[in-house]
1. Pulled fully out, how much extra length does the chain show between residue 64 and residue 99, if you take 0.36 nm times their separation in residues and subtract their Cα-Cα distance?
2. Along region 68-80, what does the Karplus equation 6.51 cos²θ - 1.76 cosθ + 1.60 (θ = phi - 60°) give for ³J(HN,Hα), rounded to whole Hz, x for Gly and Pro?
3. Put a dot 7 Å past each Cα toward the Cβ at residue 47 and residue 33; how far apart are the dots in nm?
4. I'd like to compare 64-71, 27-34, 52-59: which one has the highest average count of other Cβ atoms within 10 Å, and what's the full order after that?
5. When the Karplus curve 6.51 cos²θ - 1.76 cosθ + 1.60 is applied with θ = phi - 60°, which whole-Hz ³J(HN,Hα) does each residue of region 47-55 get, with x for Gly and Pro?
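Values in this text are rule-based calculations from the coordinates and carry no lab data. Just so it is clear, the structure is predicted and the values come from calculations on it, not from any experiment. Positions of Cβ are backbone-derived with ideal geometry, glycine not excepted, and every protein chain shown enters the neighbour counts.
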Amino acid sequence: NSRRRRLSRNSRRRRRGMCGARMRRSDRRTCRSLRRDFCESRRERRRNRSMCRHLGFRTLAAGAAEDAIETFAEDNEVFSEETQREVDMIVDDYEAELEDSEDASEDYDSEDYDSEDYDSEDSEDYDAY
C-alpha cells in the first residue's frame, strides 16, 4: 500500500506541469488531446483553471482580474488534493485511450492485404461519382 502511495505521489509530481515548458516527448499526444478538450480557449481555461494550470498551460492565476495576462503556475503554487486526484484520473484515462488507439492502428497496419482480393471492377463504380 505504501508503494502504491509512493507511486501515486511520484505520478503527481511528474504530472504537475507535464504539458508546460518541460514537456516530455512521450507526453506530447496526451497534452495535445488534453489541451484540445479542456484548455484550448480562454473560456475553457477559465472554467478548468486548476486542472489546466496544474498541467502546465498558461491560465489566469487565482484572484487575477479577468483582463490580466495568463501565466504559468509558479513552482511553489499549491493545488488541492481534489485537483491532483482529478488530473491523475483524467490523464490516466487519456493515456489509456491513446495507448488503445495506437494498439488498434498497429493491428490494422500489420494486417496483410492480398491484391487479388480487391475487385477492380468495383473501384470503377466509385470513379463515376
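1. 8.9 nm
2. 6, 7, 6, 10, 7, 5, 6, 4, 8, 5, 9, 10, 5
3. In this crude label model, residue 33 to residue 47 measures out at 2.0 nm.
4. Peptide ranking by packing, descending: 52-59, 27-34, 64-71.
5. Result, ordered by residue: 5, 10, 3, 4, 5, 4, 5, 4, 6 Hz.
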